[in-house]
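Reading through the structure tokens given below for one structure.
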Amino acid sequence: MAESVTVADLVDNIRLDVYYGEDLLDDRDITTSDISRPGLELTGYFNYYPAKRVQLLGITETSFAKGMSHDELLDVMRQMCQPETPAFVISTQLEPPEELLQAAKESGIPILGTKMTTSRVLSNMTNYLEGKLLNASHCTVCWSIFTGSGF
């Protein structure tokens, strides 16, 4: 198991399309199997934003985004595009919002897409990443059993 997986590996194994950032895929690392659906962040609430996660936008998120003004949505997308954010994935053959494209280009974050539904791509990405990434809590349990040190 690895400590990280590149976005390129995710694209190849989940068969995602690249909307933006083909040249960035090998340089972006994913370190957690958790995926974020940033609905609350679209409202401007960033207190617990999990920037290290792949950000998945489906019909609900893109529909909400369509009701926002250009400036408001651009501001939110710029806040979502953190240096540690590995990539954005847009499900269900939806087009990424122009404001996301602009913010992602400014920050060097790939935007990926798929024909799969949000639920299906979420499941596929989670299963793939869980199989590839080193699970620290699992290793702690194994080490405790191996050494007899308990928890």
>> Sort Val5, Val54 by Cβ crowding within 10 Å, fewest neighbours at the top.
In response: Val5, Val54
> Amide H to amide H under 5 Å from Thr6: which residues, 5+ apart in sequence or cross-chain, H placed 1.01 Å off N in plane?
Replying inline: Ile30
>> Testing the spin-label approximation: label points 7 Å from Cα along Cα→Cβ at Glu22 and Ser107. State their distance in nm.
In response: 2.4
> Across region 5-147, how many lysine pairs, 8 or more apart or on two chains, come within less than 23 Å at their alpha-carbon atoms?
Replying inline: 5
>> Give me the percent relative contact order of the chain, please, defined on Cα pairs under 8 angstrom at least 6 residues apart.
In response: 31
>> Check which residues have an amide H placed less than 5 Å from Val54's amide H, if you skip close sequence neighbours.
In response: Ser36
> Mind listing the phi-derived Karplus ³J(HN,Hα) values for region 70-79, rounded to whole Hz, using 6.51, -1.76 and 1.60 with θ = phi - 60°, and x for any glycine or proline?
Replying inline: 4, 5, 5, 5, 4, 4, 5, 5, 5, 5
> Kirkwood hydrodynamic radius (Cα pairs, Å) of the chain?
Replying inline: 16.0
> How much net charge surrounds Glu22 when only other residues with a Cβ under 13 Å from its Cβ are counted (Lys, Arg +1; Asp, Glu -1)?
Replying inline: -3
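Values in this text are rule-based calculations from the coordinates and carry no lab data. For clarity, every value in this text was computed on a predicted model and none was experimentally measured. For neighbour counting, all protein chains shown are included, and Cβ atoms are generated from backbone atoms with ideal geometry for every residue, glycine included.
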